[in-house]
Amino acid sequence: MKTAHTRIPVKTTLLMALITFSVACGYSSPKTTPPVAGAMPTIASLNPSSATAGDAGFTLTINGSNFGSKAVANWNGAAQTANTMFVSASQLTVAVPASAIATAAMVSVTVTNPGTMGTGLYGSGGTLPETSSAMTFTIN
């Protein structure tokens, strides 16, 4: 007994390959929107603006504008995440330990508003972190 085989013509095979290739190439990845600039914090004053080397730790008040609720003070470039307290959009306080003022120095103080995650389609959007210009704290 002979078995009947069905043969697919070459033209049909090529047509199917062309359709498959065309459909696969028609897809492009979704466009994402890059993060935009966030609110730029500005420091107007430090209170106190200086300390004496070897003194006890103290609370530094940073006055300015555009402080986000999750803003972080930076002491000589190091983020003081655990020591920064948000008071308002114009004021932060920072617990400065005695070890940070043990020796005479000029310390750079900045404020960073962290970026936010994108919430748009495919996680696009959001804001970039922004850091204020530095203000100098003097340790005499």
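Only the coordinates and a few stated rules stand behind these numbers; no lab work does. Please read these numbers as outputs of a predicted model, since none were measured by experiment. As a convention, Cβ positions derive from the backbone with ideal geometry for all residues, glycine included, and neighbour counts pool all protein chains shown.
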* Stretched out fully, how many nm does the piece from residue 20 to residue 61 gain, at 0.36 nm a residue minus the Cα gap? -> 8.2 nm
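Taking Cα atoms of the stretch 42-139, Rg/Rh with Kirkwood Rh, to two decimals?
1.06
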* Structure fact -> With 0.36 nm assigned to each residue of separation and the Cα-Cα distance removed, residue 49 to residue 85 gains 11.2 nm
* Taking amide H positions as placed 1.01 Å from N in the peptide plane, with prolines and chain starts having none, which residues 5 or more places from residue 58, or on another chain, fall under 5 Å of its amide H? -> 96
* To do: May I ask you to evaluate 6.51 cos²θ - 1.76 cosθ + 1.60, the Karplus curve with θ = phi - 60°, for each residue of the stretch 96-113 and list the ³J(HN,Hα) values in order in whole Hz, giving x for glycine and proline?
  => 9, x, 4, 4, 7, 10, 5, 10, 4, 5, 10, 10, 7, 10, 9, 10, 10, 8
* Asked: Taking neighbour Cβ counts within 10 Å as the exposure measure, how do 132, 88 sort from fewest upward?
  -> 88, 132
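Quick one: order 10, 36 by neighbouring beta-carbon count within 10 Å, fewest to most.
Ranked by crowding around the Cβ, least crowded first: 10, 36.
Could you line up 70, 11 from fewest to most neighbouring Cβ atoms inside 10 Å?
On the way: 70 12, 11 8.
With the fewest neighbours first, 70, 11 line up as 11, 70.
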* Between residue 13 and residue 128, what length in nm is gained on full extension when 0.36 nm per residue of separation is reduced by their alpha carbon distance? -> 36.2 nm
